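Below is one structure; the comments refer to it alone.
The values are calculated or read from the model by the stated rules, or taken from the named source; none is laboratory data. Keep in mind that this is a model prediction, so the values were computed, not measured. Glycine also receives a Cβ, built like all others from the backbone with ideal geometry; neighbour counts cover every protein chain displayed. Remember, those area values only see protein heavy atoms, side chains included, never the ligands or the DNA or RNA. Shrake-Rupley method; radii C 1.70, N 1.55, O 1.52, S 1.80 Å.
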Amino acid sequence: MVDKVDKTKEESKEVTQQPAKEQKNKKKQTSKEDEEEQLSEEDLKLKSDLEVLVERLKEDDANLYGPSLDKLKEFIKSSTSSMTAVPKPLKFLRPYYTEMCAIYDKWSSRELKSSLAEVLSVLAMTYSENNKHDSLKFAILCENLNIVSWGHEYIRHLALEIGEVYNDQVEREGSGKAPPGELQENSTVKSEGFEFSKEVILQLSLEIVPYFLKHNGEADAVDLLLEIESIEKLPQFVDENTYERVCQYMVACVPLLPQPEDVSFLQTAYSIYLSESQLTEALSLAIRLGDESLVRAVFEATSDPVVHKQLAYILSFQKTAFEYEPVKEIIGNTKLSEHFLYLAKELNLTVPKVPEDVYKSHLDSSKSVFSGTGLDSAQQNLAAAFVNSYLNMGYCNDKMLLDNDNWIYKTKGDGMTSAVASIGSIFQWNLDGLQQLDKYLYVEETEVKAGALLGIGISACGVHDGEVEPALLLLQDYVSNPNSKISSAAILGLGIAFAGSKNEEVLGLLLPVAADTSLSIEISAIASLALSHVFVGTCNGDITAAIMDNFLERSGVELKTEWVRFLTLALGIIYMGQGEQVDDVLETVSAIEHPMTSAIEVLVSACAYAGTGDVLLIQDLLHRLAPKPVREDDDEEEDEAGDEAGDVEGSLNAISDVLSKQNSEENAGNEGGDEQIDVDSQEEGNSGTTNEKKEQQANGSENGEESKEDNEEGKEDSEEKEAVMVDELSYAVLGIAMIALGEDIGKEMSLRHFGHLMHYGNEHVRSMVPLAMGLVSVADPQMKVFDTLSRFSHDADLNVSMNSIYAMGLCGAGTNNARLAQLLRQLASYYSREQDALFITRMAQGLVHLGKGTMTLDMFNDAHVMNKVTLASLMTVLVGLVSPSFMLKNHQLFFMLHSAVRPKFILTLNEEGEPIKVNVRVGQAVDTVGQAGKPKTITGWITQSTPVLLNHGERAELETDEYISYTNNIEGVVILRKNPDYEKEEAS
């Protein structure tokens, strides 16, 4: 019965399905008829001709095959249509695609199969299913495929399929499913027994690349070679017409690529620039790659001494250790002071300024405690010394310190160290400062002596005059001085003077100090920090070992001090920008049995990948900053804490009992502690002899002491973990800023994340967010950034406020930004009674007016080369400001910022090295990568005569063709030569 019922059901289904199928077929027929009605006579004729040609291919007469295929190709090639529509022959042939594939399988003639494969490869563009890659398959099967004849769209489609096939192959090799070297396609292709081999794919790609380059498809050519991991084969196809657009696109891609592809892109672009004799561009990429052999190859590529000078001026801005004998003095920055003073003279900035020119306290309506005539604060005098040094930096004159030897005594204690050191910054890059400071070396006060030593280092900052290093000769004798103030100042001075120089003598001098764990951790940390500045980004093994020894051999008490942060930072600076080379160190660090290992790992890895824009690393840091879920262990700890709370409650109840009964033993109970009170209350309930009471009291006090010891140990552990957690969170916030520095989109995204962290982070995260925002936009005063910082500067937490104020100073460093200056004056008035906040506000005011607006802390130049010395200097101050009170106490660390300062001028010289005046257009830089034609590289420009100042995000170009520049980026010191073909336009 059941079978019968099932049969009847099936029959009824078939009956219902048949009419439905008939209806569908009818619909299809009617739609086809409609289509045919809509086609014009010309299209109908084309359609019928194509159908006839396909029918001929199905017939048995082999003589018809050749002419029919040729006619088909002719129809397809000659078809013209709009860019948005499918060409008509391809549209009409689409229904016959499967039949033609079957014909291909049936034929045996090699020549005919190859010809048909060519047609099928083009047809597959419109028919091919996803992941089938028929276009590529038939293109490979066609023996003499003429790719160019089929047009741009077909070639782009082939390039797309090549990328997909290659990626599938890499994935399969990675998962171990396919033999290395060749990829078997998905099941449908396997059944046909077709295999794609790497060699064939590569060969086809190398035929496509020249076509792309010839037809303004430089980006497509680079992308194709990137997909098949063969970017190093690009230089052979590039010529003088295409190299510029290709290299610009490749360099723009670098921040978006993972390692090691970013490095291979830079190396390929470098080799193209070198082969096309674009030496200044090649040098910029060699500096980014951090390879001295590549830098040397650029210098050796030409024998022109003027070109060597131009390359040397570019190198000098990086404070590099590279040596090339003919231009050693230029690389050593010996002419920097001369050029800067020429700029000051031309811009009428030689008259020295005083801090009051910045404070403008006469505009201040509210009266400060110290604005009265009688009161004078040592701390505010120290702030004035810092502001004075920032204002007159490099000008070699001032109105406050040089002519008044007694002024330094208006500051007290360690303040005198910084006051004297600030004389060094007035003579920055100029060795005349050594004579000014020499007299302070013979003073009795150790603080003044220490300041002179630090000042000597600052005045010699980045200046290396060949064989003689006066700063080293003066400071080396004081490094091992028994007085820690003098030795630490001498060590810091060496770190500032030789930042980035890789000086072996400094290494020999400071390494024993850094490695000696019998010295105080302060001295070892400062020595390690100075060495890391000298050997920034070099992966020096000796310094790494010395720092690791400090971590391993120091006592727990010493490792709790703030100086440990600088040991951690020193390790990070040694590996700055070195990427994967830091992995070995991170493994060693993880072996240290101390809670601080996670904090060290965060800072060191952030330094290693600084400026890369690595999204995965940023995600990892954000994950660390996210609130952690409570674990089971924590629950157990909470239970234990609950039990302890219960005991305390019990003791409190006992106290209330004692109070209510007004017992005479109450005082004794209080002296003995909570446990004693508990015992006393029990004794009251149980009447006993006085001897029993005494014994119980004695036992109670012993138990109390044991439990107190346990509690203290527990507290110490928890405090240690909390301190380490503070460092880890602080480093994670700064790490996000460091990594995002490399590319603009990352910067924008990081600013959004900082907003979230400010809302949801704990107090330690919140205090670091403003500094991270300042780091992301150093010397780039964007309204949205400093308005946000201005809001944070009134925060209830004073640490957040102080860091926000300092970050405002970093944002406007050397810009003279009027709005920022006004905000800071208001803050100075607001915090007039808060000494520390007022000190930081003064520092920020000094930074905004750095060098009277002629200097910058920007770590990128126009060629987008990151200056590691600048970043290391900024990070030293920012890591110190994790605890602002610590930095205010050790204010000499603020001078580490001086090795980051550089003038932001454009100075034009002739071939003899003499300054000349030339008109240049200065405007906002425009990103022209990948744009058609020759678009303008700047917008909203103003024409000025050199020397001129160049702010963040600005670019310059020569106004006329009268001179030809030796460098493509008009920035810093530029050497020009007369254009022999230039003809002056006659005034009409």
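Quick check on region 578-595: of everything there that is in contact with a Phe, Trp or Tyr (Cβ under 8 Å, 6 or more places away or on another chain) and not β-branched (Val, Ile, Thr), which residue is surrounded by the fewest Cβ atoms within 10 Å (Cβ to Cβ)? Selected residue: Gln581.
For Leu827, the criteria (1) open to solvent by 10 Å² or more (accessible area, probe 1.4 Å); (2) outside any loop (DSSP other than H, G, I, E, B) hold in every case but one, which is (1). For the criterion of being open to solvent by 20 Å² or more (accessible area, probe 1.4 Å) and either among the basic types (Lys, Arg) or free of Cβ contacts under 8 Å to residues at least 12 places away in the same chain (or both), Lys904 fails.
Before we move on, is Thr568 closer than 17 Å to Asp549 by Cβ, part of a helix (DSSP H, G or I), of a type in the set (Ser, Thr, Tyr) and touching a Ser or Thr at 6+ places or on another chain (Cβ under 9 Å)? Answer is no for this residue. For region 102-123, taking the residues that are open to solvent by less than 50 Å² (accessible area, probe 1.4 Å) and outside any helix (DSSP H, G or I), the one that is modelled with the highest pLDDT is identified as Trp107. For Arg791, the test of being assigned to a helix (DSSP H, G or I), within 15 Å of Ala383 (Cα to Cα) and of a type outside the set (A, V, I, L, M, F, W, C) is failed. Put simply, of Ser277, Ser293, Ser303 the only residue that is without any contact (Cβ under 8 Å) to a residue 12 or more places away in the chain, outside any helix (DSSP H, G or I) and open to solvent by 20 Å² or more (accessible area, probe 1.4 Å) is Ser303. In the set Ala286, Ala269, Ala252, only one residue is surrounded by 23 or more Cβ atoms within 10 Å (Cβ to Cβ), closer than 26 Å to Leu616 by Cβ and not assigned by the TED database to the domain that holds Cys539; that residue is Ala269. The requirement of being touching a Leu at 6+ places or on another chain (Cβ under 8 Å), modelled with pLDDT under 90 and buried (at least 24 other Cβ atoms within 10 Å of the Cβ) is satisfied by Val506. Here is the figure for region 199-233: residues that are open to solvent by 60 Å² or more (accessible area, probe 1.4 Å), in a loop (DSSP other than H, G, I, E, B) and under 19 Å from Ala252 (Cα atoms) total 2.
Considering (1) more than 18 Å from Ser885 (Cβ to Cβ); (2) open to solvent by 30 Å² or more (accessible area, probe 1.4 Å); (3) in contact (Cβ under 8 Å) with a residue 24 or more places away in the chain; (4) charged (D, E, K, R), the lone condition that Arg766 does not fulfil carries the number (1). Against the test of being outside the structural domain of Ser899 (by the TED database) and part of a helix (DSSP H, G or I), the options Asp398, Asp403, Asp438 yield a single qualifying residue, Asp438. Only one entry of Ser965, Ser885, Ser899 meets the criterion of being open to solvent by 20 Å² or more (accessible area, probe 1.4 Å) and closer than 30 Å to Gly413 by Cα, and that entry is Ser885.
Looking across region 922-962, the residues that are of a type outside the set (A, V, I, L, M, F, W, C) and open to solvent by less than 50 Å² (accessible area, probe 1.4 Å) come down to Gly923, Thr928, Pro935, Thr937, Thr946, Pro947, Gly953, Glu954, Glu957. Among the numbered conditions (1) of a type outside the set (S, T, N, Q); (2) in a helix (DSSP H, G or I); (3) at pLDDT below 90, the only one that Met843 does not meet is (3). I'd like to check something: does region 254-266 contain any residue that is part of a loop (DSSP other than H, G, I, E, B), out of contact with any Pro (no Cβ under 7 Å at 6 or more places or on another chain) and of a type in the set (Asp, Glu)? No, region 254-266 contains no residue that is part of a loop (DSSP other than H, G, I, E, B), out of contact with any Pro (no Cβ under 7 Å at 6 or more places or on another chain) and of a type in the set (Asp, Glu). Considering every residue within region 475-488, establish whether at least one is of a type outside the set (S, T, N, Q), crowded, with 16+ Cβ neighbours inside 10 Å, within 18 Å of Ala460 (Cα to Cα) and touching a Gly at 6+ places or on another chain (Cβ under 7 Å). Yes, that holds for at least one residue. Determine whether Pro903 is more than 28 Å from Leu775 (Cα to Cα) and not small (Gly, Ala, Ser). In short, no.
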